[in-house]
Amino acid sequence: MNRFYLTAGMLSLLPGLQAAAQSQQAQRPNIIYIMSDDHAYQAISAYGSEVSKLAPTPNIDRIAKAGVTFDRAFVENSLSTPSRACTLTGLYSHQNGQEQLNEGMDPTKPFVSELLQKCGYQTAVIGKWHVPCDPKGFDYYHIYNGQGEYYNPNFRGSDTGGKYVQEHGYCVDLVDKHAKEFLDNRDKSKPFFLMVHFKAPHRNQMPNLKYLGLFDDVKFPLPTTFWDDYSTRQSPAHTQKMSITNHMELIQDLKVVQMKDSLKDAYNQGFSWFCYRAGVERMTPDQRAAWNRYYMPRGEEFLNAHLTGRALSEWKYQAYMRDYLACVRSIDDAVGDILDYLKANGLDENTVVIYTSDQGFYLGEHNWFDKRFMYEQSLRTPLLMAWKGHINPGTRCNAMVQNIDYAPTFLSLAGGKKTDEMSGLDLQQVWNGQTPKTWRTSIYYHYYDYPAFHQVRRHDGVRTDRYKLISFYGKGGTRAETNWYQTDPKAQEYRILHWLRSMNYTDDNDPDLKDCYELYDLQNDPDELHNIYGQPGTEKITNDLMKLLNKYRKDLKVQEY
């Protein structure tokens, strides 16, 4: 009788225990973090630009419709490897060591993947890694060789014995395939954390063969700032090497291979031709034949037009945008495929899906085609998140968020805690569109990678809701204070710097910079055309922003200051 009484009592508790278990599971969702390389928010139709209306992204938009679109998401250093290191560690570049493109990562800093493993998550990363250390804290990884290749890329991973193995196909399709393979074979007793990293649409934008010429009938509108003359700006806007008019390369970027013998300068004969050839020579004969059927006539048509001046700049812009957005189309396909997989396998109910890029990117704004600068299109990155039943569909978030927030958010979702060194915030506080009074009202940015590709000068700065103050600093050209790795003959940073110097890519006419500031009123000048630093009436806001900038430098222990 007593035994029956105890059993009945236990049975009476069972619904409550089941509900508690379900509640606990609901608080520990699966997490899929999807990141592309150099995908501008302007090229995602959820953000509403004129370009994106002509080249929509319906599958990425599914995340926005099901969840939240962050309208003010920023990076702390707009460069691929530093941004990835920031995401992995939740730390600023100077804290994790990865200030520039190549060497620098401090391997003693814990990765969020390691911390999630301690929370009981199965972890995986697939695709572009591009961090100068092996993946840490990942139960499974399958990653590109360095930047990765668009066609028939090499992968290595926990399933290849650490050796690179070439695979046949298009890079985006292969990452999509391997992501689903991991999901098929995962440990279903654990929640998972999966990082899906696409190479596209990184330079030199090589679309999938099926999308060659996809946008040939579309004429994309020139950005309103395309003919910016930088008249109010300091010297860094004038000495950069990332303009479509002057620096976009006819061979590497625009695939006019017929120009190979007529462009005699060392850079085009060396780096530009090498990059083009390295991508095309990986192709199978059938792939290369299809490639040539499209690009050879396009090149011939260009040469026969004998374009000069503004007409040449506009042709470059259209060709660039058509290739770039054709690459984006493949990403959108893959995102849709992953979302369909989640739904078909019952994983859409309890999986947080994130889509972002490693930083922003210029699509012709200010005549530029890269990133690096603290101006808005580079600083701002797309960020969309969905979690059924937790994030209200169709939400717009106007809070200032940054990629140092990703790791703390993942850990909070997993029931863990961020480390003491992390200064990022939990995005759950704002993802339903409400911003608490305690939320940040400014962000700090710092770019270090000079002298290097594109010759963007070192700078840091602060952005508030309305204003942006940028401080450029350091010696110019060969006088520049190089990072430690640029002085070590064994380092890749050293080899690249000396190679660029040998081709006269670095410019000793770049001035030394001290007390070199720019100030923008983003409310009255959202295009950042009018530097108002030093103008009468700006004294108080300049003083307030200088105090804020110096406080960030002091609190974060930035060694340059």
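The values are calculated or read from the model by the stated rules, or taken from the named source; none is laboratory data. Keep in mind that this is a model prediction, so the values were computed, not measured. All Cβ positions, even for glycine, are placed from backbone atoms using ideal geometry, and neighbour counts span all protein chains on display. With ligands, DNA and RNA removed, areas are computed over all heavy atoms of the protein, side chains included. Shrake-Rupley method; radii C 1.70, N 1.55, O 1.52, S 1.80 Å.
Restricting to the range 145-165, count the residues that are without any contact (Cβ under 8 Å) to a residue 40 or more places away in the chain and surrounded by fewer than 21 Cβ atoms within 10 Å (Cβ to Cβ).
Final tally of qualifying residues: 12.
Output the residues belonging to the range 178-225 that are in contact (Cβ under 8 Å) with a residue 40 or more places away in the chain, part of a loop (DSSP other than H, G, I, E, B) and hydroxyl-bearing (S, T, Y). Lay out the reasoning, then the answer.
First pass over the range 178-225, keeping only residues in contact (Cβ under 8 Å) with a residue 40 or more places away in the chain: 178-180, 182-183, 186-187, 190-209, 211-216, 218-225.
If we keep only those that are part of a loop (DSSP other than H, G, I, E, B) too, we end up with 186-187, 190-191, 198-208, 212-216, 218-225.
If the condition is that a residue be in contact (Cβ under 8 Å) with a residue 40 or more places away in the chain, part of a loop (DSSP other than H, G, I, E, B) and hydroxyl-bearing (S, T, Y), then T224, T225 are the ones that fit.
Only one residue in K316, K210 is out of contact with any Asp or Glu (no Cβ under 9 Å at 6 or more places or on another chain) and either crowded, with 19+ Cβ neighbours inside 10 Å or farther than 26 Å from R372 by Cβ (or both), so which one is that? Spell out how you get there, then give the answer.
Numbers: K316 fails: out of contact with any Asp or Glu (no Cβ under 9 Å at 6 or more places or on another chain).
Just one listed residue meets the conditions, K210.
On the basis of being within 18 Å of the chain's Cα centre (by Cα), within 23 Å of K418 (Cβ to Cβ), surrounded by 22 or more Cβ atoms within 10 Å (Cβ to Cβ) and in contact (Cβ under 8 Å) with a residue 24 or more places away in the chain, does V125 make the cut?
yes
Within the range 135-177, restricting attention to residues that are of a type in the set (F, W, Y) and part of a strand (DSSP E or B), which residue is nearest to S330 (Cα to Cα)? Let's see the steps before the verdict.
Of all residues in the range 135-177, those of a type in the set (F, W, Y) come to 138, 140-141, 144, 150-151, 155, 164, 170.
Filter once more, so that each one left must be part of a strand (DSSP E or B): 140-141, 144, 151, 155, 170.
On the way: Y140: 24, Y141: 22, Y144: 18, Y151: 13, F155: 19, Y170: 9 Å.
Per the stated criteria, the residue is Y170.
Here's the yes/no breakdown for (1) open to solvent by 10 Å² or more (accessible area, probe 1.4 Å); (2) within 15 Å of the chain's Cα centre (by Cα); (3) among the basic types (K, R); (4) farther than 21 Å from F373 by Cα:
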site	(1), (2), (3), (4)
K65	yes, no, yes, yes
D71	yes, no, no, no
S83	no, yes, no, no
H94	yes, no, no, no
G97	yes, no, no, no
Q100	no, yes, no, no
K109	yes, no, yes, yes
L115	yes, no, no, yes
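Among the residues of the range 296-313, which ones are assigned to a helix (DSSP H, G or I) and surrounded by fewer than 20 Cβ atoms within 10 Å (Cβ to Cβ)? Walk me through how you get there before you give the answer.
Step one: of the range 296-313, the residues assigned to a helix (DSSP H, G or I) are 296-305, 309-313.
Result: M296, P297, R298, E300, E301, L303, N304, A305, G309, R310, A311, L312.
For the range 453-476, which positions are basic (K, R), open to solvent by less than 10 Å² (accessible area, probe 1.4 Å) and in a strand (DSSP E or B)? Walk me through how you get there before you give the answer.
First pass over the range 453-476, keeping only residues basic (K, R): 457-458, 463, 466, 468, 475.
Remaining after also requiring open to solvent by less than 10 Å² (accessible area, probe 1.4 Å): 457, 468.
K468, the sole residue that qualifies.
Out of everything in the range 154-202 that is within 30 Å of G416 (Cα to Cα) and in contact with a His (Cβ under 6 Å, 6 or more places away or on another chain), what residue ends up being modelled with the lowest pLDDT?
G157
Please work out if Q486 is modelled with pLDDT under 95 and either farther than 20 Å from Q234 by Cβ or part of a strand (DSSP E or B) (or both).
Numbers: modelled with pLDDT under 95: yes; either farther than 20 Å from Q234 by Cβ or part of a strand (DSSP E or B) (or both): yes.
Against the criterion (modelled with pLDDT under 95 and either farther than 20 Å from Q234 by Cβ or part of a strand (DSSP E or B) (or both)), Q486 qualifies.
Condition check ((1) modelled with pLDDT of 90 or more; (2) within 30 Å of E167 (Cβ to Cβ)) across all residues:
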residue: K255; (1), (2): yes, yes
residue: Q258; (1), (2): yes, no
residue: L263; (1), (2): no, no
residue: Y267; (1), (2): no, no
residue: S272; (1), (2): no, yes
residue: E281; (1), (2): yes, yes
residue: M296; (1), (2): yes, yes
residue: G299; (1), (2): yes, yes
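Hey, does the range 508-522 have a residue that's open to solvent by less than 60 Å² (accessible area, probe 1.4 Å), in a helix (DSSP H, G or I) and closer than 24 Å to Q455 by Cβ?
Just the residues of the range 508-522 that are open to solvent by less than 60 Å² (accessible area, probe 1.4 Å), to begin with: 510-511, 513, 516-522.
If we keep only those that are in a helix (DSSP H, G or I) too, we end up with none.
Scanning the range 508-522, I find no residue that is open to solvent by less than 60 Å² (accessible area, probe 1.4 Å), in a helix (DSSP H, G or I) and closer than 24 Å to Q455 by Cβ, so the answer is no.
Quick one: how many residues across the range 165-211 are more than 22 Å from D323 (Cα to Cα) and of a type outside the set (A, V, I, L, M)?
17
Considering the range 331-348 alone, what residues qualify as being part of a loop (DSSP other than H, G, I, E, B) and free of Cβ contacts under 8 Å to residues at least 24 places away in the same chain?
Step one: filter the range 331-348 for residues part of a loop (DSSP other than H, G, I, E, B), giving 345-348.
Within the range 331-348, G346 is the sole residue that qualifies.
Among the numbered criteria (1) at pLDDT 95 or above; (2) farther than 20 Å from F373 by Cβ, which one does T478 miss?
The single condition T478 does not satisfy is (1).
Which pairs turn up if I take residues in the range 386-408 that are farther than 20 Å from L347 by Cα and look for partners that are open to solvent by less than 20 Å² (accessible area, probe 1.4 Å) and charged (D, E, K, R) with beta carbon separation below 7 Å, at least 6 apart in sequence or on another chain?
Matching pairs, first to second residue: Q402/E76; N403/E76; I404/E76.
Give G97, G161 a once-over and let me know the one that is out of contact with any Lys or Arg (no Cβ under 8 Å at 6 or more places or on another chain), farther than 27 Å from T351 by Cβ and not basic (K, R). Please lay out each step first, then the result.
Numbers: G97 fails: out of contact with any Lys or Arg (no Cβ under 8 Å at 6 or more places or on another chain).
Exactly one of G97, G161 is out of contact with any Lys or Arg (no Cβ under 8 Å at 6 or more places or on another chain), farther than 27 Å from T351 by Cβ and not basic (K, R), namely G161.
Report yes if M283 is open to solvent by less than 30 Å² (accessible area, probe 1.4 Å), touching a residue at least 60 places away in the same chain (Cβ under 8 Å) and closer than 26 Å to E365 by Cα, otherwise no. Before you say what the answer is, go through the steps one by one.
Details: open to solvent by less than 30 Å² (accessible area, probe 1.4 Å): yes; touching a residue at least 60 places away in the same chain (Cβ under 8 Å): yes; closer than 26 Å to E365 by Cα: no.
When the stated conditions are applied, M283 does not pass them.
When you scan the range 230-242, do you find a residue that is open to solvent by less than 10 Å² (accessible area, probe 1.4 Å) and not in a loop (DSSP other than H, G, I, E, B), even just one?
Yes - at least one qualifying residue is present in the range 230-242.
Quick one: would you say N268 is open to solvent by less than 50 Å² (accessible area, probe 1.4 Å), free of Cβ contacts under 8 Å to residues at least 60 places away in the same chain, within 24 Å of H202 (Cβ to Cβ) and part of a helix (DSSP H, G or I)?
Details: open to solvent by less than 50 Å² (accessible area, probe 1.4 Å): yes; free of Cβ contacts under 8 Å to residues at least 60 places away in the same chain: yes; within 24 Å of H202 (Cβ to Cβ): yes; part of a helix (DSSP H, G or I): yes.
Criteria met by N268.
In the range 416-434, how many are under 23 Å from the mean Cα position of the chain (by Cα) and small (G, A, S)?
The qualifying residues number 2.
Which residue is nearest to R466 (Cα to Cα), if the candidates are limited to the range 502-540 and must be among the hydrophobic types (A, V, I, L, M, F, W, C) and in contact with a strand residue (DSSP E or B) (Cβ under 8 Å, 6 or more places away or on another chain)? Spell out the reasoning first.
Of all residues in the range 502-540, those among the hydrophobic types (A, V, I, L, M, F, W, C) come to 503, 513, 516, 519, 522, 529, 532.
Adding the requirement that they be in contact with a strand residue (DSSP E or B) (Cβ under 8 Å, 6 or more places away or on another chain) leaves 513, 516, 519, 522, 532.
Details: L513: 26, C516: 21, L519: 11, L522: 5, I532: 13 Å.
Result: L522.
Tell me, which strands (runs of 3 or more DSSP E) lie completely within the range 349-448 with 3 or more residues that are open to solvent by less than 30 Å² (accessible area, probe 1.4 Å)? I'd like the intermediate steps shown before the answer.
Working: elements: 351-357, 383-386, 395-397, 442-447.
Correct list: 351-357, 383-386, 442-447.
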